[in-house]
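The values are calculated or read from the model by the stated rules, or taken from the named source; none is laboratory data. It should be emphasised that the depicted structure is a prediction, and the values quoted were computed from it without experimental measurement. Cβ coordinates were reconstructed from backbone atoms using ideal geometry, including for glycine residues, and neighbour counts include every protein chain displayed. Calculation scope for accessible area: heavy atoms of the full protein, side chains included, ligands and nucleic acids excluded. Shrake-Rupley method; radii C 1.70, N 1.55, O 1.52, S 1.80 Å.
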Amino acid sequence: MDERAELLKTSGLTVRFFQAQGLRRTTVVPVNQVSLSIGAGEILGLVGESGSGKTTLGRTLAGMIVASQGRLWFNGRDVTRLGRRALRQYWTEVQMIFQDVYNALNPVYTVEQQLSFPISRHAVGKDPDQELERLLHLTGLTPSSLIRRRLPHELSGGQRQRVAIVRALASRPRLLVADEPVSMLDVSLRAEILQLLADLRQALGLSLVYITHDLPSAIAICDRIIVMYGGRLIESAPAGDLVKTARHPYTARLLLAATFDAMSAESRPKPDRQASGSILQPSYRGCPYAPRCPAVTDICVETVPDWIHVDDGHVVACHAVASGRLGAGLPAREKSPG
Amino acid sequence: MTDTTKPVLTVDHATVVYESDDGLACAVNDISFTVAPGQILGIVGESGCGKSTLAYAIMHLLPANAALVEGKIQVQGVNVYRLTEDELRRFRWQHVSMVFQSALVTLNPVLTVGHQFREIFRIHAPALSRGAVGERIEELLELVRIHPQHLRSYPHELSGGMRQRIAIAMAIALDPDLVIMDEPTTALDAVVQREILEEIRRIQAIKHFAVVFISHDLRLIRYISSAVMVMYAGRAVETGSADRFLHPAAHHPYTRGLLDSLPEWNVDRFQMRGIPGSPPDLAHPISGCAFRPRCPIARSECSLAPPTLRDVGAGKIACIDVQSLAKGNEAHG
Amino acid sequence: MANVTHGASAGPSAAANPPMRHTQLAWVRRLGKNRKARVGLGIFAAFVLIAVLAPAIARYNPGSTNFPPLAPPSAQHWFGTTGLGQDVYAQFVWGTRSSLLVGFGASVISTVLAVVIGMYPAYRGGWLDNVMATFTNIFLVIPGLPLMIVAAAYVHQSNTLTLMLIIGLTGWAGRARVLRSQTLTLAHREFVWAARLTGASDWRVLVREILPNMLSLFVASLMYGILGAILAEAGLEFLGLGNLTQVSWGSMLYWASNGGAELNGAWWWLLPGGLAIALFGTSLALMNFALDEVTNPRLRQPASRSGERLARAWQVMKGDIGQ
Ligand SMILES: Nc1ncnc2c1ncn2[C@@H]1O[C@H](COP(=O)(O)OP(=O)(O)OP(=O)(O)O)[C@@H](O)[C@H]1O
Ligand SMILES: Nc1ncnc2c1ncn2[C@@H]1O[C@H](COP(=O)(O)OP(=O)(O)OP(=O)(O)O)[C@@H](O)[C@H]1O
Ligand code: SF4
Ligand SMILES: [Mg+2]
Ligand SMILES: [Mg+2]
């Protein structure tokens, strides 16, 4: 598929959470049998339903959660279960940008104080102060002299988000797991920041896992996009192909919903029934999308669909695609007005 | 329930400043608008332009180093800044509620979601029976597509989008007259986002409450709102009906930039474009129009005085050159 | 005890004060402006000063019995003399020194234990936390005073150091639990993770990232520890389990009540020890209340004054930039 060297690989990665609910203890499996690989310098998009396990998967890749099953390799080394020292070593190579920007910065430190430690630690042979200045400018945090002295509560949501991005970049990771890194930025700033990430990939060979709900930006910067639903990966394709030839019914639905303007009232799909809480439970068998899928058949509720290779680098897990009932392409879409 | 002719919210020349070591920074500058019952006003603008500050000002929740230094804010004809602490407490949940940009503000990390829901009803609607409260909560959860089993979850056991949806459900729990939503859907996928927006519009049409919807995403704003206000550097630079943003019309150069950087769906590979230049410095404002350094049509007169909103067709634009903008647009369309 | 765990209660009231939740260290500044804090700190400082300057200001040797017994306060003997003819003022000054020493020392010991047994394992998590939490809980159900009495009885001749150890080693459990629960709520916040991901060591994360966010709780716990230790010391001395050859507030009380101060109407002998304890306790309590006021958003007053000031400043600025 790609001649890039592999940086990170997982096989059958599974995460379980136990939740005390009154006297009962329930188990959720937000990451279920996930196998994927990320090349050095690759930008991998991770999209999917809210609550489908993207954050949990991202945290597991970053070594913050220990998988209950499966394996995780980084640079050829098994990092599934590391000791504390080895983990600290791993963490110098992996960084995470957190989804919750209001929790991501330490409330008691100014922007400069937050950033000075990672910068001075990693900016070898550079003036840390200049490096900080440069990063603040690159992310539009100007006037930097003012922003530096601000405490987190004196920043707007989008400004906090950018400080968190700077902190992650300052550590010069080889792998960056960015969980909704630009969710609070307008298109213009968003474009600049994503361009910055793409440039870093060129310059430093940074690999990026870009978790997002913003499909257009994912399609713009990612090499490959993986779609997640109910804790499982359901489709993976080169970014450009996904828009044109999405095969999984959920992906098609997602793409359709993302094109706001293009839809008249009648063509809007009927709302889904109430979100089903059971698909993340260990007892659930079958395709995670089955409770909502318009193309569902008997086999769908009984067995998890296997991966089917549909095109070059394009795989999908759906029984209907396997049996040829679902062809390529999206439902007809109108052109959007400029 | 409410008089449909009187506006729910009147913001009249509101100005909010923050005080810091560097002096004053004006985050909301002379903004006026009204929101009628059943209306959805969308507010759009880039990061740091003062959207949340405006929302906090309406809620009378500005932090200690900020103040509404000019202007008046009225909800249902009542000046928000004349209320006592006690009145404010009641006012905040029953008449005006807010979905904060951070769900953390609404959710207490050490209590279950169910506990917090019941607490709202216990305090603000004590007359409701246990059963009725339970039903109402389930109804609200259904609305935001959350399974009732999550009533037993603590906030940290929910995904980012689930927390956001809980916050939305709490804000509309008591059928307020006005709901302020500050970036309520940043953690939601397109499908769920669409569904929830539809639901909000549906119940909003029934209950007739007004919504102020804040977002950085013009595509979302023009889809959900009936009227739109575009902010730049603390000022309103354009207002008008949502239609104006869907169809060719005259726009402020900043809005034009926003519209031009929207990704188009009918191309093979999206190009991400931005508006060149850096965001304005609120603590050291430049003379005249704040957008001047980034504006493609800026002239020397632009530095004289900040332009005021002037009528163009179905909207208003604050630009020195409204006339030629309107004409240029005819050529454009 | 300062109620600083998360400042606000359920959703509704939390929403009433959102921006303040984030102003974490501003309370240090506000503390300086608080009346209770100033009075409390004043008394506290006075005691510390007495303790430090004891050798210079005591006037007499507290042990010397060369004076007429049971003399009422006079110019020679400011606080009068004891039944054995010792100077009460000298005893009070030196007693302050040793009581505070035991108080501070024991509090430092128990705080270190509370941090090591409560905070660190809470941050690390896993088996270590389980073991330490169980250990803490076991310690908590053993009543404190009897435990101390038993310990003191084993150490036949206790001196200042052994007293510190006995009190410190028996008094950490409650505070360990408080610190632990607060650490637990902070340990998995994203900013703490971010610090770990930059490769910071465990102790660095604990001290630099977590502790500053619970500083008010930590300070309150420290003060509570000092007060507890001083009361415990007084208790042990009063029961005759301390070191009665060393003057302290507790031993002053012991000798006064056993030497028949009441019978002889020698109020000047009885009063200083008890009053010192009460006054010192009051100063800690005042500081604690003040801390509560400035850190708990719900007890705070709205800043209406600053609004008018800002409005005036804004008018001036508007004139300057010609808007
Ligand atoms: N600590 C936890 N304990 C129990 N359940 C959890 C925990 N963390 C997450 N979950 C559950 O795991 C599921 C996946 O959560 P996750 O945060 O990974 O979703 P997500 O894909 O990132 O969603 P979003 O897009 O809304 O952020 C959710 O159903 C959530 O309730
Ligand atoms: N407490 C504060 N003290 C000083 N300045 C502040 C404070 N809070 C916000 N600001 C500044 O005021 C400006 C407006 O902030 P606000 O939060 O209203 O922006 P916003 O439009 O909501 O942005 P975003 O979309 O990024 O959330 C920002 O430049 C911010 O840095
Ligand atoms: S496997 Fe079945 S249920 Fe799942 S997406 Fe395909 S058709 Fe739908
Ligand atoms: Mg998430
Ligand atoms: Mg905001």
Compute the distance in nm between two label points, each set 7 Å from the Cα along the Cα-to-Cβ direction, one at B:Arg82 and one at C:Thr65. 8.1 nm
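In what sequence, largest accessible area first, do B:Glu87, B:Glu199 appear using a 1.4 Å probe? Write down the numbers at each step before the final one.
On the way: B:Glu87 80, B:Glu199 25 Å².
I get B:Glu87, B:Glu199, largest accessible area first.
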At 0.36 nm per residue, and after removing the present C-alpha to C-alpha distance, how many nm does the segment from B:Arg201 to B:Lys72 gain when stretched out fully? 43.6 nm
Between region C:130-191 and region A:124-140, what's the alpha-carbon centroid distance in Å? 47 Å
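Treat every Asp and Glu Cβ in chain B as -1 and every Lys and Arg Cβ as +1, leave all other atoms uncharged, and give the resulting dipole magnitude about the Cα centre to the nearest 20 debye. Don't jump to the answer; show the numbers that get you there.
Numbers: 32 positive and 36 negative charges, 67 e Å.
Dipole about the Cα centre, nearest 20: 320 debye.
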Which aspartates and glutamates have a Cα lying under 17 Å from the Cα of C:Lys33, excluding residues fewer than 8 positions away in the same chain? C:Asp292, C:Glu293
Could you pull out every residue, at least 5 positions away or on a different chain, whose amide H is within less than 5 Å of the one on B:Phe213? Hs are placed 1.01 Å off N in the peptide plane, and Pro or chain starts have none. B:Leu41, B:Gly42, B:Ile43, B:Met181
Defining a contact as two alpha carbons under 8 Å apart and six or more residues distant in sequence, what relative contact order in percent does region C:47-282 show? 25 percent
Would you work out the relative contact order for region A:39-141, in percent, from Cα pairs under 8 angstrom that are 6 or more residues apart? 14 percent
Pick out, from C:Val131, C:Gly103, C:Leu279, the residue whose Cα sits farthest towards the positive end of the charge dipole of region C:47-282, with +1 on the Cβ of Lys and Arg and -1 on the Cβ of Asp and Glu. C:Val131
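Short version: what are the Cα gyration tensor semi-axes of the protein assembly as shown, square root of 5 times each eigenvalue, largest first, in whole Å? Spell out each step's value before the answer.
Numbers: eigenvalues 676, 249, 140 Å².
Its equivalent ellipsoid spans semi-axes of 58, 35, 26 Å.
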Helix-only [θ] at 222 nm, chain A, -39500 (n - 2.57) per DSSP H run of 4+, per residue, nearest 500, equals -9500 deg cm²/dmol
Please turn the phi angles of region B:54-59 into ³J(HN,Hα) values with the Karplus equation 6.51 cos²θ - 1.76 cosθ + 1.60 (θ = phi - 60°), one per residue in order, whole Hz, x for glycine and proline. 4, 5, 5, 5, 5, 7
Choice from B:Ser215, B:Ser20, B:Ser303 showing the highest fluctuation, given a GNM over chain B with Cα pairs closer than 10 Å: B:Ser20
Going toward the positive end of the dipole of chain B, with +1 on Lys and Arg Cβ and -1 on Asp and Glu Cβ, which of B:Val16, B:Ser129, B:Val237 do you reach last? B:Ser129
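Which of the peptides A:298-308, A:187-197, A:130-140, B:159-169 is most tightly packed, and how do the rest follow, judged by the mean count of other Cβ atoms within 10 Å per residue? Please list the in-between numbers first.
Details: A:298-308: 14.5, A:187-197: 22.3, A:130-140: 18.2, B:159-169: 25.6.
For the peptides A:298-308, A:187-197, A:130-140, B:159-169, the packing ranking is B:159-169, A:187-197, A:130-140, A:298-308.
Evaluate E = 1/(1 + (r/R0)^6) for B:Ser324 and B:Arg273, where r is the Cβ-Cβ distance and R0 equals 22 Å; express this FRET efficiency to the nearest 0.05. If you can, show how the numbers build up before the last one.
Working: r = 24 Å, r/R0 = 1.07.
E(calc), rounded to 0.05, equals 0.40.
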What nm value, rounded to one decimal, do you get for the distance between A:Trp73 and C:Leu84 when each label is placed 7 Å out toward the C-beta? 8.1 nm
Give me the residues in region A:140-155 whose solvent-accessible area, probe 1.4 Å, is reduced by at least 30 Å² once all protein chains are included instead of the chain isolated. A:Thr142, A:Pro143, A:Leu146, A:Arg149, A:His153
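Computed FRET efficiency, Cβ-Cβ of C:His156 and C:Glu262, R0 22 Å: what is it to the nearest 0.05? Don't jump to the answer; show the numbers that get you there.
Numbers: r = 30 Å, r/R0 = 1.35.
Plugging the Cβ-Cβ distance into 1/(1 + (r/R0)^6) gives 0.15.
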Any idea how far the Cα center of region B:144-202 sits from the one of region B:51-96, in Å? 23 Å
Could you tell me the relative contact order of chain A? Use alpha-carbon pairs under 8 Å, at least six residues apart, and round to a whole percent. 19 percent
Taking chain C as a Gaussian network, Cα atoms linked when under 10 Å apart, which of C:Leu217, C:Leu184, C:Leu227 shows the biggest mean-square fluctuation? C:Leu184
Nearest 10 degrees, 0 to 90: helix C:173-187 Cα axis against chain C principal axis: 10 degrees
Run the 1.4 Å probe and let me know the accessible area of B:His247, rounded to the nearest 10 Å². 110 Å²
Evaluate the charge dipole of region B:171-285 about its Cα centre and quote only its size in Debye, nearest 20, assuming +1 on the Cβ of each Lys and Arg and -1 on the Cβ of each Asp and Glu. 280 debye
Out of B:Phe91, B:Thr53, B:Gly71 - ranked by how far each Cα lies towards the positive end of the dipole of region B:26-150, with unit charges on the beta-carbon of charged residues - the top one is B:Phe91
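Rolling a 1.4 Å sphere over the protein heavy atoms, what is the accessible area per residue of region C:47-282, to the nearest Å²? Mind dumping the intermediate values first?
Values: 10040 Å² over 236 residues.
Value returned for region C:47-282: 43 Å² of accessible area per residue.
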Add -39500 (n - 2.57) for each DSSP H run of 4 or more in chain C, then divide by its residues: what number comes out at 222 nm, to the nearest 500 deg cm²/dmol? -21500 deg cm²/dmol
Output needed for region C:47-282: three equivalent-ellipsoid semi-axes, defined as square roots of 5 times the C-alpha gyration tensor eigenvalues, in descending order, whole Å. 43, 18, 12
Degrees, to the nearest 10: A:187-204 long Cα axis against longest axis of chain A: 80 degrees
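Give, rounded to the nearest 20 debye, the magnitude of the charge dipole that region C:186-269 has about its Cα centre when Lys and Arg contribute +1 at Cβ and Asp and Glu contribute -1 at Cβ. Please report the intermediate quantities before stating the final value.
Numbers: 4 positive and 6 negative charges, 81 e Å.
Computed about the Cα centre, the dipole is about 380 debye.
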What do you get for the angle between helix B:130-143 and the principal long axis of chain B? Use alpha-carbon atoms, 0 to 90 degrees, nearest ten. 40 degrees
Going Cα to Cα from C:Lys318, which aspartates and glutamates come in below 19 Å? Please leave out same-chain ones fewer than 8 positions away. B:Asp12, B:Glu19, B:Asp21, B:Asp22, B:Asp30, B:Glu70, B:Asp281, C:Glu308
Exceeding 29 Å between C-alpha atoms, which entries from my cross-link table qualify? They are B:Lys6/B:Lys51; A:Lys244/B:Lys51; A:Lys54/A:Lys244. A:Lys244/B:Lys51
Return the long-range amide H neighbours of B:Leu9 (sequence gap of 5 or more, or a different chain), with a cut-off of under 5 Å between placed amide H atoms. B:Val35, B:Gln76
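Nearest 0.05, what FRET efficiency do C:Thr134 and A:Leu87 give at R0 = 45 Å with Cβ-Cβ as r? Can you show the working numbers first?
Details: r = 26 Å, r/R0 = 0.57.
Approximately 0.95, to the nearest 0.05.
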Quick query: amide H of A:Ile65 versus all other amide H atoms, modeled in the peptide plane; which residues come in under 5 Å with a sequence gap of 5 or more or a different chain? A:Thr60
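If you take each beta carbon of peptide B:140-149 and count the beta carbons of other chains within 10 angstrom, what is the mean?
Values: counts 0, 2, 3, 1, 2, 9, 5, 8, 2, 7.
That average works out to 4.
Skip the ligands, DNA and RNA, and give the accessible area per residue of region B:41-135 with a 1.4 Å probe, whole Å². Write down the numbers at each step before the final one.
Values: 3640 Å² over 95 residues.
Result: 38 Å² per residue.
Summing -39500 (n - 2.57) over the DSSP H runs of n ≥ 4 in chain B and dividing by its residue number, what mean residue ellipticity at 222 nm do you reach, to the nearest 500 deg cm²/dmol?
Numbers: 11 runs with 109 residues, N = 333.
Mean residue ellipticity at 222 nm (helix-derived): -9500 deg cm²/dmol.
Counting only protein heavy atoms and rolling a 1.4 Å probe, how much accessible area do A and B lose on contact, total for both sides, in Å² to 100?
Working: alone 16890 and 16590 Å², together 27870 Å².
Adding both sides of the contact gives about 5600 Å².
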